[in-house]
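Have a look at the structure below, then the notes.
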Amino acid sequence: MTDEIMKELEDLFSRNLSAVEKFMEFLKPKIESAQDEHQRLYWHHIYEEEEQRLDRLKDLLSRVRHFLNSSDNAMQDNISFIHLLQDVSLEKFGLHNFEEHLTLAIFDAKNSEHESFLKNMLEMAESDYSKIKELLSALNETFDGKINKAGSTPTDEKENAEDHVKLHKFFANKHITKKLTVGSLKNL
Ligand SMILES: [Fe+2]
């Protein structure tokens with residue numbers, strides 16, 4: 001089952017890697033043609049965080065592929081494998097940020113020719129965010145909860161964060177996360 005999950009993660013990360021590259025190409029002219037420093041910082045901030053995410057995705061992809069190609073049967077006791085899964089749990093937050101960045105860009109692109117491109121990308125990000133949560137919850141069951149790392153939970157999903165600072169969209173979704181079973185994995 002761990003192998004199947006790693007293959008799902010490989011697909012998810014490579015899909016996101018090319019999406020982030022496209023999103024960054026969209027952002028470049030936004031920074032260049034910004035009318036004032038506020039606008040310039042706004043687009044630059046998003047660009048910079050997505051570029052950092054691109055670097056993380058490249059690193060994660062090569063590590064996921066390494067484990068998929070190795071014949072290491074003692075994965076469960078392998079500390080570098082656990083570290084990889086903890087980094088995957090942090091990257092869940094990267095997907096959450098991607099959703100928010102796309103949503104911000106969509107506000108700006110209303111009725112423009114970019115709107116549908118951005119909305120399609122947001123749809124992909126939303127479905128991959130729930131997918132990575134399912135994969136991580138399955139991994140956490142396999143590895144006795146060792147996978148969750150501090151810093152992997154967005155404000156919207158923190159039990160102890162004040163509700164008025166949470167976005168409704170994410171807050172409302174938190175109770176409907178599906179639980180992953182061996183059977184449901186086939187349908188992912
Ligand atoms: Fe941001």
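Selection within segment 89-148: residues that are of a type in the set (S, T, N, Q) and in a loop (DSSP other than H, G, I, E, B). The member of this set that is nearest to residue 44 (Cα to Cα) is 112.
Please verify whether segment 81-98 includes one or more residues that are more than 20 Å from residue 48 (Cα to Cα) and within 16 Å of the ligand (Cβ to nearest atom). No: zero hits. Is it fair to say residue 107 is at pLDDT 95 or above, within 16 Å of the ligand (Cβ to nearest atom), within 24 Å of residue 130 (Cβ to Cβ) and not aliphatic (A, V, I, L, M)? Considered against the rule, which asks whether it is at pLDDT 95 or above, within 16 Å of the ligand (Cβ to nearest atom), within 24 Å of residue 130 (Cβ to Cβ) and not aliphatic (A, V, I, L, M), residue 107 comes out as yes.
For segment 10-44, which positions are exposed (fewer than 14 other Cβ atoms within 10 Å of the Cβ) and within 14 Å of the ligand (Cβ to nearest atom)? Across segment 10-44, the qualifying residue is only 41.
May I ask you to list the residues in segment 99-135 that are within 13 Å of the chain's Cα centre (by Cα), more than 21 Å from residue 55 (Cβ to Cβ) and of a type in the set (Ser, Thr, Tyr)? Selection gives 127, 130.
The values are calculated or read from the model by the stated rules, or taken from the named source; none is laboratory data. Predicted model only: the values in this text are computed from it and were never measured. Neighbour counts are summed over all protein chains in view; Cβ atoms, including those assigned to glycine, are modelled from backbone coordinates with ideal geometry.
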